[in-house]
Amino acid sequence: MPFKVAAPMPQTLSISLAANLPDPVAAIVLYANGDGAMGPVAADIWKRTGLDFARIAKATGFAGRPGHMIDIPAPSGMSCDRLLLLGRGADGEGENDAAWADRGGSLFAKLDAAAVSSAAIVLDEPGLTPALVGALGAGAQLRAYRFEKYNTRRKSKTVHPSALTFVLAKPDAMKSAVDHALAVAGGTNLARDLVSEPANLLGPSDMADVANTLADLGVTVEVLDEEQMGALGMGAMLAVGQGSVRPPRMVVMQWNGGEKGQTPTAFVGKGIVFDTGGISIKPAASMENMKGDMGGAAAVLGLMQALATRKAKVNAVGILALAENMPDANAYRPGDVVTAMSGETIEIISTDAEGRLVLADALWYCQDRFKPRAMFDIATLTGAIRIALGDDYAGVFTNTDSLAATLQQAGRASGEKVWHLPIGPAYDKLIESRFADIKNQGGRLGGASIAGQFLAHFVNDVPWAHVDIAGTGFGKASSETITSWATGFGVALFDRLIRDNYENGK
């Protein structure tokens with residue numbers, strides 16, 4: 001049963017904009033602060049209920065903070081089944097995209113708990129901007145995500161919200177920003193779907209097939225097979241995949257939405273569709289999670305869908321390094337020496353340090369062919385990054401410190417946070433090899449930085465940053481916008497990075 005997906009991915013929640021309340025609608029949502037202050041439209045709707053706000057707020061403990069709610073069933077004088085009053089915090093509090101995405105997630109959760117099918121959300125508070133409205137919609141879309149494809153016996157029969165209408169004074173002025181934000185949320189949800197897919201149904205060629213669907217959106221897609229990679233000298237990537245009956249693939253995607261001849265910005269994703277550790281086999285406990293070891297490639301694929309869907313004015317390259325790491329009789333071994341596309345030889349210390357090997361060839365190929373203005377890779381690369389940062393921040397390693405600063409800024413704005421960690425010559429000493437130019441592992445101390453230093457050997461002089469998402473890519477704690485196992489981390493981060501630093505001729 002091959003994995004099939006249409007592009008763009010269908011959404012479970014539709015979001016529209018209107019100047020007036022739709023009729024009929026299952027629920028109407030208003031926002032207020034702790035003093036009961038509402039926008040003029042919301043205040044007029046509340047007045048129609050004839051209810052004393054102060055008395056109800058006291059009885060329900062409503063203080064206007066985010067997450068607070070007053071739920072009024074069958075409000076008098078109104079055609080809706082429910083009237084929900086939600087807290088928006090103090091004026092000026094949380095006025096950024098990440099906070100409004102959280103508000104959107106909380107909004108969907110409240111509506112979902114109330115089992116309403118549709119809702120009109122009145123947005124008339126001061127300081128409203130197109131970006132904030134877009135973030136609200138994206139947050140709701142992300143919270144609505146569920147991966148229930150294979151739950152044949154326990155699919156929920158509960159009514160979930162399927163349509164939201166944002167009621168605004170000037171909906172046309174908000175549409176572009178909302179469409180942009182929903183495109184990014186769609187790319188994130190595509191990445192989540194791919195990470196959640198079982199590895200028996202999503203191998204390297206299946207994931208390449210998903211990438212090929214982006215051609216319908218205007219993305220140019222090439223797929224290199226093992227013969228082509230062999231001709232290019234990609235000995236590191238081929239070594240990782242040689243133990244699997246499903247051969248590796250390298251996918252090259254180009255979105256040319258910028259000026260003709262503009263130097264592209266490049267994104268490279270680690271795509272190990274399943275990682276047993278190879279001959280250096282992993283412990284059995286939690287190995288099932290290694291179906292998510294292609295989270296970096298999923299993020300790059302989701303990013304390219306988002307850029308094409310919103311017609312981003314940028315030239316971007318996305319490369320997926322796809323392989324399966326299995327302990328077959330043909331598998332590569334500890335002690336082997338392989339030659340990367342760069343010509344550098346690598347002694348294999350652990351076959352479980354395979355992600356850096358596929359990235360080595362992908363990064364070299366990317367910089368050699370495209371000469372990008374900047375190159376970013378994203379990977380579930382090391383357990384060490386989880387020890388260092390937990391599951392709230394991804395790690396950033398770079399040969400150009402300014403890239404770390406721009407990534408951190410994009411992370412704060414998007415809510416996908418990153419932290420800058422070091423690489424440098426001291427780490428080179430740890431990957432010196434007696435039998436080859438370098439080795440693929442350098443000990444337990446500083447493991448994430450050692451991996452970053454290894455990758456730095458394959459980027460030449462291109463400004464480059466590596467994002468390690470082993471702690472943030474899947475299995476992290478739930479939040480207002482994430483209740484699924486897979487997070488889709490990286491799509492929103494990179495989209496914001498592009499928007500702020502590389503798009504529209506920047």
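Taken together, the values in this text are just the output of simple stated rules run on the coordinates, not laboratory data. Computed from a predicted model, the values in this text were never measured in an experiment. FYI the Cβ positions are ideal-geometry reconstructions off the backbone, even for glycines, and counts take in every protein chain you see.
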Mind checking the full-extension length gain between Val159 and Ala173? Use 0.36 nm per residue of separation minus the Cα-Cα distance, one decimal, nm. 1.9 nm
How do Ile498, Ile469 rank when sorted from fewest to most other Cβ atoms within 10 Å of their own Cβ? Ile498, Ile469
By per-residue mean of other Cβ atoms within 10 Å, what is the highest-first order of 275-287, 20-32? 20-32, 275-287
Taking the simple approach of a point 7 Å from Cα along Cα-to-Cβ for both Asp23 and Arg369, what is their distance in nm? 5.9
Where a ≥ b ≥ c are the square roots of the eigenvalues of the C-alpha gyration tensor, would you call segment 352-470 rounded, which needs a/c under 1.5, or, failing that, prolate if a/b is larger than b/c, or oblate? oblate
Working out 0.36 nm times the residue gap between Arg146 and Ala426, then minus their Cα-Cα distance, what length gain in nm do you get to one decimal? 96.3 nm
Trypsin sites (Lys or Arg not before Pro) restricted to segment 329-435 and DSSP loop, no more than 16 other C-beta within 10 Å: Arg373, Arg434
Which angle between 0 and 90 degrees, to the nearest 10, do you get for helix 295-309 versus the longest principal axis of the chain when only C-alpha atoms count? 60
Helix 491-501: angle to the longest alpha-carbon principal axis of the chain, degrees 0 to 90, nearest 10? 90
Per the rule of 0.36 nm per residue minus the C-alpha distance, extending Ala54 to Gln228 adds in nm 55.5 nm
Principal axis extents for segment 14-167, Cα atoms only, whole Å, descending order, please. 47, 34, 31
Förster radius 25 Å - calculated FRET efficiency between Asp112 and Asp44, Cβ distance, rounded to 0.05: 0.40
When the Cα centres of segment 373-418 and segment 21-67 are compared, how far apart do they sit, in Å? 41
Once you've got the Cα coordinates, tell me which of Lys47/Lys170; Lys260/Lys506; Lys282/Lys439; Lys270/Lys291; Lys149/Lys476; Lys417/Lys476 are over 18 Å apart. Lys47/Lys170; Lys282/Lys439; Lys149/Lys476
Within a 10 angstrom radius of the beta carbon, how do Ser402, Ser244 rank from fewest other beta carbons to most? Ser402, Ser244
Nearest-ten-degree value, helix 97-113 long axis tilted from longest Cα axis of the chain: 60
When the Karplus curve 6.51 cos²θ - 1.76 cosθ + 1.60 is applied with θ = phi - 60°, which whole-Hz ³J(HN,Hα) does each residue of segment 182-198 get, with x for Gly and Pro? 5, 5, 5, 4, x, x, 5, 5, 4, 4, 4, 4, 5, 5, 7, 4, x
Qualifying chymotrypsin sites (Phe, Trp or Tyr not before Pro) in segment 377-464, DSSP loop, other Cβ atoms within 10 Å at most 16: Phe435
Excluding residues fewer than 8 places away in the same chain, name every one of the aspartates and glutamates whose C-alpha is closer than 20 Å to that of Lys58. Asp35, Asp71
